[in-house]
Amino acid sequence: MSAVRREAEGGVHVRPAAVNVLLVDDGETYEAALREHLPELTLVGPRQPDGPAALEFLSREAHLARTDLVLLDVHFDVPEDRLLPLGAGATPRQTRRAQGVAILRELRARWPHLPVVLLTSAEELPFDALRAELAAAPLTFMLGGDDLDALRIRVHEALAARRLAREEAGVFWGRDPGMVAARRRLAVLARGRMPVILEGETGTGKSWIAERFIHAESGRPGPFIAADLSTLPPDLVPAYLFGAQRGAYTGAVADRKGVFELAGGGTLFLDEIQNTTAETQRQLLLVLQDRRVRPLGASRDVPVDVKVIAASNQSLAGAVAAGRFRADLYMRLGPATRVVLPPLRQRRGDLAELVRSFVERATEDPDVAALRDQVGTALGLGTGAPLRLVAGRGPREQAGTTLGVVLPPPAWQALQAHPWPGNVRELATVLHNVVVFTLVAAADALAAGVTLRAPRLQVDARLVDELLRGSLPPPPLASADPPVGPATPAPPTAAPPPAVGAPEAGCPPRVDTAPGSTSGDAGPEPGTLRVRLVPADTLNAVAQAVERQYFTHLFRETGGDFGRMAEVLLGDVTKARAIRLRFNQLGLSARALRGG
Amino acid sequence: MTVPDPADTAPPAPPPAPAGGAVEEAVLEMLDDLAHDLGRHIRLPLALLPIDAPPAEVAAAASRAVQRTRTGPRGVFGADELLADFLEAVPDERRGDCAALEASVARAIELATTSPLPERDRLRVAFESVATQIAALASRWRAPAGR
């Protein structure tokens, strides 16, 4: 059992492990208190009396690896030559009084995962303008008081936040109170067979959390099976859910198991359950009550041992009130097990960390990695240089082995102001495209002989505006919501996984996807379109499958010239960027297509 | 020296309108520094003690609070030195405004160095009174009539 889970369950007291802290403070008061009264906090080195000393200390890998968090004073009464600049127009006195903020900016830019506790409170900050900046800074906390308990609490919060900000069962939870509360409840609800109602807007990560957290934490040995009931014709639902014996209906040429059996011993994720018909709801109620299913054509029931997660992008209670959902099924699922995932617009405090993570993980897409390597090699970094998001006020010099992606303030403001109707899924897509276009622009410039003085790539704020304006409905990931956070093994443009895990599941196949997708399809013949018409996908999925094939065809016809494609598709050769954007959104890969 | 004990009195009344001329920005900035160097740091050693710290540790913290109030690359300064530095910059016609602050600092030093040491809570109130008086002075000097 993990320490995190112990906390969530409460009541289990464990002695906290020693925490290694770096104290950055020009005075000796906190140092004395740490040494004398807080044995659980161990100083990783001598107190660093100013910003330059602290940055030099942390720049050594051995020091950084041992540092769990930084305790940072704000007011530094140090000589002027030891001050980090605060900003244009700041006097030395002002710079001293807010020196901790200048140091914090450097820490955030260089080591964004390192938690920082500022040894001050918001009320004591010397300039009001800094409060908003510090409030938005990820993994940054301020003391709420001057006593030892305030320090202990903030240290605990900072370490917990870092733990959650990192990958935890593949889920980024962040600091938002709604997500923290959801995680706490789900950690409890994951245990046992009790059903869970998971509500949240499209793109909030319901299926990702269902699989990566609830199923993973449940400890159940069986598989995780996801099923989208809303897209099935009503007459196929019984066979899909409960299975069918050979000859049960026309076309049933072999016995097939339903998803309840396939998920035996594991977890069954019923997506969009609010869209099921009254008959389907009735059948689901019976299964939940009896824990038995009878395949079509069979003469005996089959016991099932399944943990059901019912997901909805609307309030099920509201659907009950409106007469669209059976009250008895809702009660059987258990209103007390209802957990709501907040939309991204309500967790803006997590936005900075999400943006950073999505940018830095963009290279998990092989196409992006190839672009990164192309640029990195031209800049002398070689291949494999990690991408690092650099805030607008980041350090001028990037650490030697990383490729900085500089997000200017207008771009950041645009991201903050966007309503994110597609939630984290939309954010992931937008940032993936931001990285792609930025790398392409850099690669083009380098190929044209432009010399870049530092390995820092400036994101065009207009590009961000354009991407946000053109943000389209998310690709048809019908059964697999994208991640809640950056722990995404597949990039946003990856081909959608099959609806059900096993091919022999008896589940309807999906619409053909792009060449090179998991289907192994080599793509349609040139000049033809092919869509396997099966009743398992939304109209949107069918439309996008056609669109992918048309783009693929055009790409080949034009030799990968997006300008010519734009001329064909939009009648405007200058719209190449828009076409490239849509190309990416469709999950197509120029590299894969060029490679055959 | 006997001085009024701010801890035994009610919080200071809202400041009356100052009688002197405008307070220079430089002095106001020094007052802001004083709020940090003296007002905050005189409280910290005691605040950072465990609630059940033995009397010897309380005495050491109290002594540190007034004698090593502000430490750093520029040196070690006691509460009286920090106050004296500030008062040097205050125009003569404004010195009267600082009487309550001077009294609170003197009281804090007296309590922190007396024997036997007063109760910890009394020390805490005395130290906090210094910050309160600095804040009151800043409020007074920054009021529209004070500029």
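The values are calculated or read from the model by the stated rules, or taken from the named source; none is laboratory data. Since the structure is predicted, the reported quantities are computational estimates derived from the model, not experimental observations. In this analysis, Cβ positions are derived from the backbone assuming ideal geometry, glycine residues included, and neighbour counts consider all displayed protein chains. These area figures cover heavy atoms from the full protein model, side chains too; ligands, DNA and RNA do not enter into them. Shrake-Rupley method; radii C 1.70, N 1.55, O 1.52, S 1.80 Å.
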Expected single match for in a helix (DSSP H, G or I) and within 14 Å of another protein chain (Cβ to nearest Cβ) among A:Arg96, A:Arg131 is A:Arg96
Enumeration of residues in region A:40-51 that are open to solvent by 20 Å² or more (accessible area, probe 1.4 Å) and either farther than 26 Å from B:Thr69 by Cβ or facing chain B (nearest Cβ under 9 Å) (or both)
A:Glu40, A:Thr42, A:Pro49
For the structure I just gave you, tell me whether B:Arg94 is open to solvent by less than 20 Å² (accessible area, probe 1.4 Å), modelled with pLDDT under 95 and under 21 Å from A:Asp146 (Cβ atoms).
no
Which of the residues that make up region A:134-151 are part of a helix (DSSP H, G or I), within 14 Å of chain B (Cβ to nearest Cβ) and surrounded by fewer than 19 Cβ atoms within 10 Å (Cβ to Cβ)?
A:Leu148, A:Asp149, A:Ala150
Whether any residue in region B:122-142 is away from chain A (no Cβ under 12 Å), touching a residue at least 40 places away in the same chain (Cβ under 8 Å), under 24 Å from A:Glu31 (Cβ atoms) and open to solvent by 30 Å² or more (accessible area, probe 1.4 Å) is what I want to check.
no
For residues that are outside any loop (DSSP other than H, G, I, E, B) and out of contact with any helix residue (DSSP H, G or I) (no Cβ under 6 Å at 6 or more places or on another chain), scanning just region A:119-128, find the one that is most open to solvent (accessible area, probe 1.4 Å).
A:Glu123
Subset of region A:205-253 that is out of contact with any Lys or Arg (no Cβ under 8 Å at 6 or more places or on another chain) and polar (S, T, N, Q) - its residue that is least open to solvent (accessible area, probe 1.4 Å)
A:Ser207
Taking region A:68-93 as the region of interest, how many residues are within 14 Å of another protein chain (Cβ to nearest Cβ), open to solvent by 30 Å² or more (accessible area, probe 1.4 Å) and of a type outside the set (Ser, Thr, Tyr)?
8
Looking at region B:36-60 only, could you name the residues that are part of a helix (DSSP H, G or I) and either under 12 Å from B:Phe127 (Cα atoms) or touching a Gly at 6+ places or on another chain (Cβ under 6 Å) (or both)?
B:Leu38, B:Gly39, B:Arg40, B:Leu44, B:Pro45, B:Leu46, B:Ala47
Kindly state which helices (runs of 4 or more DSSP H) lie completely within region A:536-595 and contain at least 3 residues that are crowded, with 20+ Cβ neighbours inside 10 Å and modelled with pLDDT of 75 or more.
A:539-557, A:562-570, A:576-585
Of the conditions (1) touching a residue at least 40 places away in the same chain (Cβ under 8 Å); (2) more than 14 Å from chain A (Cβ to nearest Cβ); (3) in a helix (DSSP H, G or I), B:Arg95 fails just one. Which one is it?
(1)
Expected output for region B:55-74 (first residue over 14 Å from B:His41 (Cβ atoms), partner open to solvent by 80 Å² or more (accessible area, probe 1.4 Å) and modelled with pLDDT of 90 or more, Cβ below 8 Å, 6+ apart or cross-chain) is B:Pro73/A:Arg82
Suppose the filter is open to solvent by 60 Å² or more (accessible area, probe 1.4 Å) and assigned to a helix (DSSP H, G or I); does B:Arg107 pass it?
no
Going through region A:339-383 in order, the residues found to be in contact (Cβ under 8 Å) with a residue 24 or more places away in the chain, open to solvent by 10 Å² or more (accessible area, probe 1.4 Å) and of a type in the set (Ser, Thr, Tyr) are A:Thr363
Is there a residue in region B:63-80 that is buried (at least 16 other Cβ atoms within 10 Å of the Cβ), touching a strand residue (DSSP E or B) at 6+ places or on another chain (Cβ under 8 Å) and charged (D, E, K, R)?
yes
In this structure, does B:Arg43 turn out to be within 19 Å of the chain's Cα centre (by Cα) and at the interface with chain A (Cβ under 9 Å from one of its Cβ atoms)?
yes
